[in-house]
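Since every read-out is calculated from the coordinates, none of them should be taken as a lab result. All values derive from a computational prediction rather than experimental measurement. Here the Cβ is made from the backbone with ideal geometry for all residues, glycine too, and neighbour counts use every protein chain on show.
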Amino acid sequence: MLAYLPRPPTDTSRYGTFPQKPDLPTVPGLLVKDGGQQAAAAAAKRGAPMPNCPSAPRHSGFVAGEPSGPPSRGSMSTQQHRGRPSWCPPPAPQEAAARLYPLHALSVANIPNSSRGKTSARSSTNPIPEGLQSRRCKLLEEDSPMVQAGKRQRQRYVTKVGKCQVNLGNIQDKKRFLSDIFTTIVDLKYRWFLFVFMMCYIITWVVFGFIYFFDAWVRGDIGHQGDPEWQACIENVDGFVSALLLSVESQRTIGYGTRMVTANCAEGVILLMAQSIVGSMIDAMMVGCMFVKISRPKKRAQTLIFSKNCVISRRDEKLCLMFRVGDLRESHMVDAKIRAKLIKSRQTAEGEFIPLEQSELNLGYDTGEDRLFLVEPQIICHVINRHSPFWDMSAESLRREQFEIIIILEGIVEATGKWSGGGMTCQARTSYTEDEILWGYRFEPCMSLEKGAFQVDYSRFEMTFEVQTPAASAKELHELKELEQQEHSTLSLYWDHLLQPC
């Protein structure tokens, strides 16, 4: 049996997001003249927005109840129909009758445009050839802002795998990187790190080998090879290659015994001591960098997964933005914390433009709910209240917005705690754009109880199902609730007044 409440029946024909346009008789003249005004009049008769309309459930998309296909920030077909010039042929009556218009998309009255009237008069006097007319209509449709916005690829601030898409350039003071050489080496890619690792040893071997060869050549040890009466400073060094082998054997403490530094010269002893000290420093630094680079918990973030989409639905009679996070390893994260940042550009009242402004989303840091015991997949909830940036955002206005939600999950890797004091901190990141938020959906349960233990089914981690959710913003829902409470209190006072005895 499921560990949570069972999911509602899959028949969601009662649910949806936008009210559906009622079936109207097809009148070609009226539909060609102004189909939007009829839909607006029908919407005005219906009154306030109703609950969701029938729509088939789905597991991916943007807003509940819209047709399948790539999401957009507005009804593109409606915008093109309204902005179509008079010389473009009107849509077919069947297409206009089959098109659905959301209630809030037609709530604004049509404003007459003087330029449109002038264009119509001009086009009536000067007829345009049919070929030029079709090409002009095609160019106008391609140059429309909605089509261009759909063609542009959205640039993310943080990718889905957590990589920050920010390139640092024109750095003048690069000496700061050399002052922190340890972090600079650790941050290098593996191919460059191995190159630096090898070059540190090769360069020191070659430099000290050249110094050994120069000392033996100056003292005459190379010219007196095989002379038993000659007291050599460096024995069995007859060229640069043999001096290089002496340098490698001395620094790596191999000690074959054929080449060595004797006590006949003080400079040879000092040179051997200097090479031993330099070799020990290189060993300590490079081995430490290698250990830190291998043991960094950066790859631990690959087993921390996030849901592909965010959902917005009601929880405890409050509109909430939710996403799911899970851990694939059996070794758990210690002291896991989760944060969320909203990245959005805005313009201040003084006219200052702030690009990519960061604001905090409350995930329960005031109540301690942001501290996770991440054993099973958990659904993280952000309550949309008057302190939330989504307070006055409805399902339709969500389409027109451009923002990005950055999720940051931090914790201590449990496996590193036994040799590194307090353990190493791991950070996993992901992001959600406005196109990845599903309005009117909820995550399916992925836990069940089997044979005395809870079983997690990660194949259901991404699955969502549609629920009944109003398309209005949280602010509008709150005002509607307060209005109902005021009406109820007024009626109760009036009823109590009637019941009082004369």
Calculated P(r) tail over 24 Å for the stretch 187-295, as whole % of Cα pairs: 32 percent
Label point distance in nm, Arg156-Glu357, each placed 7 Å from Cα along Cα→Cβ: 2.5 nm
Paramagnetic reach from His387 (point 7 Å along Cα→Cβ, amide N under 20 Å) across the stretch 276-318: 315-318
Assigned charges on the beta-carbon of Lys, Arg, Asp, Glu; the stretch 300-479 dipole about Cα centre (debye): 360 debye
Gained length - Leu328 relative to Ile294, 0.36 nm times residue gap less alpha-carbon distance: 10.2 nm
Pairwise FRET efficiency - Lys337 versus Glu484, Cβ, R0 = 51 Å, nearest 0.05: 0.85
Ile270 paired with Asp370, simple spin-label distance in nm, labels 7 Å along Cα-to-beta-carbon: 6.1 nm
Spin-label model distance (nm) - Ser492 vs Ile171, 7 Å beyond Cα toward Cβ: 6.5 nm
Full-stretch length increase - Leu449, Arg252 - with 0.36 nm per residue and alpha-carbon distance subtracted: 65.0 nm
Note, ³J(HN,Hα) from phi for the stretch 376-381, Karplus 6.51, -1.76, 1.60, rounded to Hz, x at Gly and Pro: 10, x, 10, 9, 8, 10
Three-way shape label, the stretch 300-479, alpha-carbon gyration tensor, a/c 1.5: oblate
Sites Tyr458 and Glu414 - FRET efficiency at Förster radius 25 Å, r taken between beta-carbons, to 0.05: 0.80
Environment charge of Ala216, counting only residues whose C-beta is closer than 14 Å and scoring Lys/Arg +1, Asp/Glu -1: -4
Rg/Rh for the stretch 325-402, where both radii come from Cα atoms and Rh is the Kirkwood radius: 1.08
